[in-house]
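A short worksheet on the structure shown next.
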Amino acid sequence: MSAPRVLLDPTGEQAAPTRERAPRPASLDGRTIGLLDISKPRGDVFLDRLEEQLTGRGLRVQRFAKPTFSKPAPIDLRHEIGTKCDVVIEALAD
Amino acid sequence: MTGPPLPDGLVAIVKRDCPTCRLVAPVLAELADGALPLTVYSQDDPAFPDAVKVVDDTDLDVSFALELETVPTLLRVADGEIVDRTEGWLRPEWEALTGRAPLGPGLPEYRPGCGSRTLDPDVAAARAETTGAAHLRSRRVDLGEHEDDVEAAFERGWSDGLPVVPPTPERVARMLSGTTRDPGDVVAVVPPDLVECTIEKVAINAVLAGCKPEYLPVVITAVEAACTDEFNIHGLLATTYFSSPVLIVNGPITSAIGMNSGTNALGQGNRANATIGRALQLVVRNVGGGRPGGIDRATLGNPGKYTFCFAEDEAGSPWEPLHVERGAPAGTSAVTLFAGDGVRGVVDQLSRTPESLARSLAGCLRAVPHPKLALGFDALLVVSPEHASRFRDAGWSKARVRDELLALLQIDGDDAVRGAGGIDEGLPEGLAGATVPKFHDDGLLLVHAGGGAGLFSAIIGGWVNGPGGSQPVTREVKP
């Protein structure tokens with residue numbers, strides 16, 4: 001038997017290998033900044049300090065938290081962050 | 001008929017392998033000189049019959065389109081339509097059909113024909129694969145002229161590190177014969193990329209893994225179970241911890257497809273065990289996009305992440321099978337998924353009473369995943385036949401064994417709080433003075449498997465349990 005010349009793609013066939021990032025804002029002035037706690041221990045400590053720093057500069061901050069770090073953020077939470085915020089900072093680590 | 005249009009005039013379909021076809025070869029040579037044009041198709045040898053011009057039908061396109069059962073078959077075709085037809089050799093019929101007489105004067109009056117090659121079971125199966133393959137929807141990947149197919153799969157990132165079986169359309173079509181489900185049915189949405197995974201994609205990955213078609217329903221069920229919110233394959237993949245899915249298969253399908261529940265049940269050497277577990281991992285890798293170093297952040301991982309699948313030995317078990325205990329009807333087949341971290345052995349070669357053996361097992365279970373931690377992790381206990389016989393002889397049900405183990409696994413908070421024993425790790429200080437159960441009441445799964453000799457059992461530790469982690473999931477296998 002000769003070697004097969006056509007194989008079927010076993011992957012999810014996600015169209016583009018790279019996705020365009022959303023354009024980065026040149027400045028945070030006038031932007032609403034979301035702080036997302038993924039619910040890993042001490043993520044809140046990091047975000048509390050960031051909030052202090054950002055509000056100290058007169059910036060608007062909103063806080064969000066995932067119910068659990070082990071699962072993707074619920075779609076409603078992602079939607080809420082997307083509609084309320086211009087940028088988001090996630091606290092990932094322990 | 002669908003297929004190539006037939007030329008007008010006389011059309012004969014023959015094969016060299018058929019004595020009757022060889023008998024009528026001189027008749028065909030006679031007909032080739034007649035008023036009606038003659039077209040001869042050969043199923044097996046384009047050089048037969050040698051006295052006439054032959055059209056090669058060794059790929060059987062014309063024969064399948066005609067739904068041939070017998071060769072020789074002689075047709076008269078007018079305006080593309082078959083207007084007369086005869087099979088085998090019967091002189092009066094050939095004479096009537098061709099309008100030529102006498103035909104084949106030296107031949108006997110009648111000879112039955114032979115079976116058309118299209119009826120050969122191997123040929124028919126291969127044809128079904130080719131036909132089925134044409135309807136598959138996945139992206140075609142064309143290989144370069146000098147590209148090795150197995151290396152190509154490595155280079156495209158489809159492998160777990162071991163060679164895979166190249167997923168040709170024909171192999172995938174054959175794999176799909178193992179299920180009654182439509183190739184386009186969506187089985188699950190697979191994390192982390194949250195991609196809809198069709199039966200066809202499961203089948204492609206089952207080919208990669210080396211499965212036989214009859215394993216496919218088990219693989220499909222495992223994919224469904226893995227992608228539930230309860231099992232949480234996303235978190236299990238992303239964790240830095242060791243764990244990955246352990247598949248325990250129950251019911252009649254285990255013997256039907258030749259799974260191993262006996263000697264070396266958790267080890268290598270059985271195709272069904274090895275490839276079903278591997279197929280699930282490949283679906284997560286390829287369809288879901290979960291790869292080591294990407295979303296899979298395991299610090300060390302474990303060898304079970306290649307494959308970890310076995311059958312429960314129900315026939316030799318003193319207890320009800322795992323899937324029945326977990327709600328599946330008796331007599332059905334089911335897959336149970338457990339988020340396991342690997343195998344740790346338990347040796348007890350001296351216990352002769354169930355009480356003594358239970359204490360041994362409890363002592364070893366206490367170390368999951370640390371002797372000073374409790375309630376966070378479940379465990380799967382694989383009890384071997386010789387250990388199970390201690391409980392059988394004493395009449396201990398599975399529920400009794402579990403209750404005895406849970407009772408033995410009460411942790412004294414004073415010994416387990418942070419800092420106790422000179423070890424910083426441990427339970428919160430507030431639990432000093434309290435008694436803490438090691439496991440939740442439903443946190444201990446028991447199955448029966450293994451070879452007949454050996455006073456050993458196996459503990460497979462879990463991962464974070466409960467809604468934030470992974471809960472065992474049992475799903476019935478459907479054809």
Gyration tensor on Cα atoms of chain B, a ≥ b ≥ c root eigenvalues, a/c under 1.5 rounded, else prolate if a/b beats b/c, else oblate, says prolate
With x for Gly and Pro, the residue-by-residue ³J(HN,Hα) of the range B:83-100, computed from phi through the Karplus equation 6.51 cos²θ - 1.76 cosθ + 1.60 at θ = phi - 60° and given in whole Hz, is 10, 7, 7, 9, 10, x, 10, 9, 3, x, 5, 4, 5, 5, 5, 8, x, 10
How well do other chains shield peptide B:232-239, expressed as the mean number of their Cβ atoms within 10 Å of each residue Cβ?
-> 2
For residue B:41, other-chain or 5+-apart residues with amide H closer than 5 Å (H placed, Pro excluded) are B:12, B:13, B:14, B:55
Partner shielding of B:152-165, taken as the mean number of other chain Cβ atoms within 10 Å, equals 1
Over what distance in Å are the Cα centres of the range B:388-431 and the range B:1-51 separated?
-> 82
Any idea which of B:209, B:399, B:221 is furthest toward the positive side of the dipole for chain B, if Lys and Arg beta-carbons carry +1 and Asp and Glu beta-carbons -1?
-> B:399
Rounded, prolate or oblate: which fits the protein assembly as shown, taking a ≥ b ≥ c as square roots of the Cα gyration tensor eigenvalues, rounded meaning a/c under 1.5, else prolate when a/b beats b/c?
-> oblate
Any cysteines in chain B with zero other Cys Cβ atoms under 4.7 Å from their Cβ? List them, or say none.
-> B:197, B:211, B:227, B:309, B:364
3J(HN,Hα) from dihedral phi, the range B:334-348, Karplus parametrisation 6.51/-1.76/1.60, rounded to Hz, x for glycine, proline = 8, 10, 10, 9, 10, 7, x, 9, x, 9, 10, x, 10, 9, 8
Exposure proxy ranking, count of Cβ atoms within 10 Å, fewest first, for B:110, B:215 | B:110, B:215
Assigning unit charges at the beta carbon (Lys, Arg +1; Asp, Glu -1) and nothing else, what dipole magnitude in debye, to the nearest 20, does the protein assembly as shown show about its Cα centre?
-> 1460
Lys, Arg +1 and Asp, Glu -1 on Cβ, resulting dipole of the range B:279-352 about Cα centre, debye, nearest 20 = 460
Compute the distance in nm between two label points, each set 7 Å from the Cα along the Cα-to-Cβ direction, one at residue B:350 and one at residue B:424.
-> 3.8
Where does each of B:250-262, B:345-357 land if you order them by average Cβ count within 10 Å, highest first?
-> B:250-262, B:345-357
Over 19 Å between alpha carbons, listed pairs B:372/B:398; B:212/B:478; B:372/B:438; B:398/B:478 = B:372/B:398; B:398/B:478
Along the positive direction of the dipole of the range B:247-362 (beta-carbon charges: Lys, Arg +1; Asp, Glu -1; about the Cα centre), which of B:339, B:263, B:350 reaches farthest?
-> B:339
Over the protein assembly as shown: helical MRE at 222 nm, DSSP H runs n ≥ 4 each giving -39500 (n - 2.57), nearest 500 = -8000 deg cm²/dmol
For the range A:32-91, with only Lys/Arg (+1) and Asp/Glu (-1) charged at the beta-carbon, what is the dipole magnitude about the Cα centre, in debye rounded to 20?
-> 100
Please say if the range B:9-119 is rounded, prolate or oblate, where rounded means a/c under 1.5 for a ≥ b ≥ c the square roots of the C-alpha gyration tensor eigenvalues, and otherwise the choice is prolate for a/b larger than b/c and oblate otherwise?
-> rounded
Karplus 3J(HN,Hα) series, Hz, for the range B:372-384 with 6.51 cos²θ - 1.76 cosθ + 1.60 (x for Gly, Pro) | 9, 10, 8, 6, x, 10, 8, 8, 10, 10, 9, 8, 7
Across peptide A:60-71, how many C-beta atoms of other chains are within 10 Å of each residue C-beta, on average?
-> 3
What nm value, rounded to one decimal, do you get for the distance between residue B:100 and residue B:185 when each label is placed 7 Å out toward the C-beta?
-> 5.5
Taking the simple approach of a point 7 Å from Cα along Cα-to-Cβ for both residue A:62 and residue B:78, what is their distance in nm?
-> 8.2
Fewest Cβ neighbours within 10 Å first, please rank B:309, A:85, B:18 accordingly.
-> A:85, B:18, B:309
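Computed from the coordinates by the stated procedures, all read-outs in this text should not be read as laboratory data. Every value quoted in this text rests on a predicted model; they were computed, and no experiment measured them. In this analysis, Cβ positions are derived from the backbone assuming ideal geometry, glycine residues included, and neighbour counts consider all displayed protein chains.
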